[in-house]
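The values are calculated or read from the model by the stated rules, or taken from the named source; none is laboratory data. Worth saying up front: this structure is predicted, and the values here are computed from it rather than measured. We place every Cβ from the backbone using ideal geometry, glycine too, and count neighbours over all the protein chains shown.
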Amino acid sequence: MASKSWILTDALWDRIEPYLPSPQRDAEREYLRRPGAGRKRADDRLILSGIFYVLRTGCHWNAVPRQFGAASTIHRRFQEWSRAGFFEMLWEAGLAEYDELQGIAWRWQAVDGAMTKAPLGGEATGPNPTDRGKKRRQAAFAGGRRWHPVVPVGERRQRP
């Protein structure tokens, strides 16, 4: 059976939980209910498992299994935590821990990239067939003849 890498173990949750931002109400928004009223906040651990499920499987937010909670709640919490910088803090903490355990050769790290013309592109390939903006000879019609409507133009309108 495949491992379910989106399920948080107790040990992992204990290490992640301190980085979670505390829920706060927007000071500029006028709320209809007082703090603490209404539906209780969904469990952060379950919501984070749902977020990891989406990131691991690549499914749409609306396709998250209901066991993790409502898809809209999971997506909203993902946006909230992203704005708070939670995932960046989690990544930095994991990177620092890996550096302590295995060591990262920071002086050796480099960013690589290239921006050059394609060696086989240009005039040798000819015009782009999807570029409709350029004037050029149109391809021949299928069957070798032009298309003509079956009904002459004057007879297309409906009769009373």
Among the residues listed as 19, 53, the single one being aromatic (Phe, Trp, Tyr) and more than 19 Å from residue 93 (Cα to Cα) | 53
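Results for (1) surrounded by 10 or more Cβ atoms within 10 Å (Cβ to Cβ); (2) in a loop (DSSP other than H, G, I, E, B); (3) in contact with a Gly (Cβ under 6 Å, 6 or more places away or on another chain), shown as yes or no for each residue.
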| position | (1), (2), (3) |
| --- | --- |
| 4 | yes, yes, no |
| 8 | yes, yes, no |
| 16 | yes, no, no |
| 32 | no, yes, no |
| 36 | no, yes, no |
| 39 | no, yes, no |
| 42 | yes, yes, yes |
Can you tell me which residue among 56, 132, 107 is modelled with pLDDT under 90, surrounded by 10 or more Cβ atoms within 10 Å (Cβ to Cβ), out of contact with any strand residue (DSSP E or B) (no Cβ under 7 Å at 6 or more places or on another chain) and more than 22 Å from residue 21 (Cβ to Cβ)?
-> 56
Find all pairs meeting these conditions: Cβ atoms under 8 angstrom apart; at least six residues apart or on different chains; first residue within region 76-88 and within 13 Å of residue 50 (Cα to Cα); second residue outside any helix (DSSP H, G or I).
-> 77/42
Kindly establish whether residue 33 is on the phi < 0 side of the Ramachandran plot and touching a residue at least 40 places away in the same chain (Cβ under 8 Å).
-> no
If you take the residues of region 59-101 that are of a type in the set (Phe, Trp, Tyr) and buried (at least 16 other Cβ atoms within 10 Å of the Cβ), which of them is farthest from residue 24 (Cα to Cα)?
-> 68
